[in-house]
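Working notes for the structure below.
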Amino acid sequence: MNIFRDQVLHGKTVLISGGGTGLGREMAIGFGKLGANIAILGRREEILKETAADIMKFGTEIVYSKCDVRDPQQVKNSVEYFLQQFGSITTLVNNAAGNFISRTEDLSLNAFNAVVGIVLNGTVNLTMEVGKRWIHEKQGGVVLNISTIYGPTGSGYVVPSAVAKSGVISLTRSLAAEWGKFGIRHLAIAPGIVPTEGAMSRLAPTDDIKKMLIQRIPLKRYGTMEELVNLATFLISDGCTFLNGDVISIDGGEGLWLSGQFNFLDVLSDQEWEAIKSLRNK
Ligand code: HXC
Ligand code: NAP
């Protein structure tokens, strides 16, 4: 279902980190279909090549570059390559991530650094590389960071990711304030669960975990990639250019559910509610 007018992103060149798989790939498809030029990067060249070939079939101009976002030199090389191909980058989507569930005491420091390096340092590396060019060229731009539902709150068992995603939110808000004067907008999306192979295999590896995750969502379902892409499209479009520094949740109400003290009463049966009513009458 296309809810946007044709070519609404025409004239934009969107760089998406981690654009070869999952949500990044879906954003690349969605933005491309609406007229944007697409640049994707990631560590696995074969995956990027396949994704680019798939997306080209829709008539989208797309290029890719093998890049580990943890390495500032690789980031610089990729950005320069994209600029040679397209002349400019108008929009940066920091989507690349690493994550897995683990008890924190079981983690090696290397495991911690691997995740923080991708999520936080990777986001900083790309934002600095692209942002400094925008400032120098006086051209403005949009940075859309993909955080998570637990970015604002923290969460056990995904601690490296929580630390990094919360840093990404802080970066979003801080640079929205500092770089707004250059015409650079910063926004973040905080998704709940949107099933992808990368996320589900690492974060919900058993049926029990999958079941527990869905029970907490008021809508009693996961999100879809299409829903996330629609939100991202709106945020990077010219339809909301006064929006800057916000973190938008898309989680079926899960975050709110968790913070409402009595929402746990969801588990009570009709019979238990009748018993509670009878206590009230006494
Ligand atoms: C504990 C682990 C581990 C695990 C790896 N390590 N997996 N420790 N539990 N499941 C440890 C390794 O033993 C190693 O430490 C260190 O982490 C680095 O591992 P490498 O495999 O060498 O690193 P690297 O190749 O850089 O891989 C990074 C990665 C990997 C994060 C570990 O999973 C990855 O490439 N992920 C990319 C895709 C991804 O994670 N997608 C999910 C995004 S979903 P030692 O000490 O042994 O050297 C998401 C949000 C979802 O982010 C939120 C709600 C659903
Ligand atoms: P995914 O398919 O595993 O995507 C992660 C992408 O990041 C991959 O394409 C991966 O490609 C790339 N990547 C990882 N390490 C990299 C590195 N060092 N340098 C460059 N690229 C790297 O998972 P996803 O579910 O689509 O996640 C996309 C984003 O959504 C992430 O930011 C994630 O935290 C966020 N999110 C997802 C969910 C969800 O339910 N799916 C929920 C909340 C937030 P390579 O391995 O080839 O490098």
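See the values below:
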| item | result |
| --- | --- |
| Heavy-atom accessible area order for 102, 278, largest first, 1.4 Å probe | 278, 102 |
| Cα pair distances in the range 160-213, grouped into 10 Å bins until the bin that holds the longest one, percent each | 20, 35, 25, 15, 4 |
| Choice from 41, 144, 243 with maximal GNM fluctuation in the chain (Cα, 10 Å cutoff) | 243 |
| By accessible area with a 1.4 Å probe, ligands and nucleic acids excluded, highest first: order of 200, 27, 225, 212 | 212, 225, 200, 27 |
| For the range 57-174, average projected area of the Cα convex hull in nm² | 8.8 nm² |
| Local electrostatic count, residue 184, Cβ distance below 15 Å [Lys/Arg +1, Asp/Glu -1] | +2 |
| Expected-Rg normalisation [2.2 N^0.38 Å, Cα atoms] applied to the chain | 1.08 |
| Surface share of carbon and sulfur [accessible, 1.4 angstrom probe, percent] for the chain | 55 percent |
| Surface accessible to a 1.4 Å probe, per residue, for the residues of the chain, Å² | 52 Å² |
| Cα-based radius of gyration of the range 186-282 once divided by 2.2 N^0.38 Å, which approximates compact folds | 1.46 |
| Overall dimensions of the range 16-65 by Cα: Rg and Dmax, Å | 9.1, 26 |
| ³J(HN,Hα), Karplus 6.51/-1.76/1.60, whole Hz, each residue of the range 117-129, x for Gly, Pro | x, 6, 6, 8, 5, x, 5, 5, 4, 5, 5, 5, 5 |
| Those trypsin sites (Lys or Arg not before Pro) in the range 1-89 that DSSP places in a loop and that have at most 13 other beta carbons within 10 Å | 5, 44, 57 |
| Directionally averaged shadow of the range 1-89, computed from the convex hull of its alpha-carbon atoms, nm² | 5.5 nm² |
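The values are calculated or read from the model by the stated rules, or taken from the named source; none is laboratory data. Note that the structure is predicted; figures quoted are calculated from it, not measured. Here Cβ is always computed from backbone atoms with ideal geometry, including for glycine, and neighbour counts include all displayed protein chains. Just the protein is used for accessible areas: all its heavy atoms, side chains included, with ligands, DNA and RNA removed. Shrake-Rupley method; radii C 1.70, N 1.55, O 1.52, S 1.80 Å.
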